[in-house]
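None of the figures in this text is laboratory data; all of them are computed from the coordinates on show. Note that this is a predicted model, so its numbers are computed, not measured. We place every Cβ from the backbone using ideal geometry, glycine too, and count neighbours over all the protein chains shown.
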Amino acid sequence: MADPPRPESKSMIEQARKLGIKPIMLTGDSMAIAKEIAGQVGIGSTIIRMADIQGLSEEEQVKIVEASNGFAEIYPEDKYKVVKLLQSRGHMVGITGDGVNDAPALKQAEMGIAVSNSTDVAKASASVVLTEPGIGVIINAVTISRQTYQRMLTWVLNKVTKVIEFVGLITLSFFWLHDIVLSLLGMSLLVFANDFVTMSLATDKVTSTPNPNIWNVKNITLASLVPGMLLVVEGLLVIYMGKNYFHLAWEQLRTLVMLNLIFNSQFRVLIVRERRHFWSSMPGRELLLLSMATIIGFALLGVYGVFVQPLAPPQILAVLAFSVIFTLGIDFPKYYLFRKFRL
């Protein structure tokens, strides 16, 4: 006599809205039942029939679908049509289903979700299969996926900025000094040092965004360009400092440049991992420990001259302090750029 909604449906719909997701109900039930259920779960009052938009142009259908909260008295093929209409306007669509008739829509959607009691065909067509009763776990899936995106975005920002810094410094210093300012061994040690902090990004603390994420390679590149160029300027200043104030020999200058790049790689991650100012959140424990170990380890390597020409401790402390001040100072233009390009 009754087919009530799941107990967690209302709270899940509220959480979905907070995450920038618009829920739409698709049901084969009558209009009266659809409106009653929509009222119980708080999905909205704008419920229409698919038959009401038949004969309209695709543009008009899309506008009506976007403005609606749900559809009643639909047929299996209508679910697929609704997904296609929303995708034609650039929307990322997720849909839940359990039967064979839901398979086309589940496969077409960017996120097809088969509930726990779904048929094998529905599960094969979906990209996410729930293993337990209930749909509240969908919110967890969205949150975790956005956290994963943030870690991936941090890795890309760090990678692009690092490439700009390295290539820019090597190129400009070659025209200035007529030689490569970083030895092959120094390059190998730099890669070795960067690997630790890069791998630790997979366990870094991140916060899921309140809105859906979209990859925009152009904005990511532009936002990384200015920090990378500023780091090139810093590297040139370090070379100038080593030549004119420390009066270093050539191989010692190479050691100074290598240590500066290694120190920068640790502090650069701290500014690109946070979309706000770097002090807005605490990095993950593994990231902090590995960064500190890398800084201490390579500072000692420079002092004792392991693999490279040694430097005096005051010289290493000077380049470390300069790297801290300069790199963390880049956080301010970075904050402006990340907001401008909506990263």
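One table, with the values for the structure above:
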quantity	calculated
Fully extended contour minus Cα-Cα distance, from HIS178 to ASN211, at 0.36 nm per residue	6.9 nm
Structure-derived Rg and Dmax of the Cα atoms in Å: which label, when the choices are (1) 27.6, 90; (2) 20.3, 80; (3) 24.9, 84	(1)
Cβ-derived FRET efficiency at R0 30 Å, THR148 paired with ARG17, nearest 0.05	0.85
Stretch gain in nm, segment PHE192-THR119, where the contour uses 0.36 nm per residue and the Cα spacing is subtracted	21.3 nm
Nearest-0.05 FRET efficiency for SER30 and ARG339, computed from C-beta distance (R0 56 Å)	0.70
Top of VAL306, VAL41, VAL156 by mean-square fluctuation, Gaussian network on the chain, Cα under 10 Å	VAL306
Unit charges on C-beta of K, R, D, E only; dipole of the chain, Debye	940
Share, in percent, of DSSP beta bridges within the range 9-139 that are antiparallel, nearest 5	0
Residue pairs, from the table LYS22/LYS205; LYS22/LYS81; LYS84/LYS340; LYS63/LYS340, whose Cα atoms sit over 25 Å apart	LYS22/LYS205; LYS84/LYS340; LYS63/LYS340
Choice from PHE175, PHE166, PHE246 with maximal GNM fluctuation in the chain (Cα, 10 Å cutoff)	PHE175
Protection proxy ranking, peptides 257-263, 46-52, average beta carbon neighbours within 10 Å, highest first	257-263, 46-52
Footprinting exposure proxy for LEU56, LEU184 (fewest neighbouring C-beta atoms within 10 Å first)	LEU184, LEU56
Within the chain, helix-based [θ] at 222 nm, where runs of 4 or more DSSP H residues each add -39,500 (n - 2.57), nearest 500	-20500 deg cm²/dmol
Global geometry of the range 223-343, whether rounded, prolate or oblate, following the gyration tensor of its Cα atoms and the 1.5 cut on a/c	oblate
Relative contact order computed over the range 146-340 (Cα-Cα under 8 Å; 6+ residues apart), in percent	30
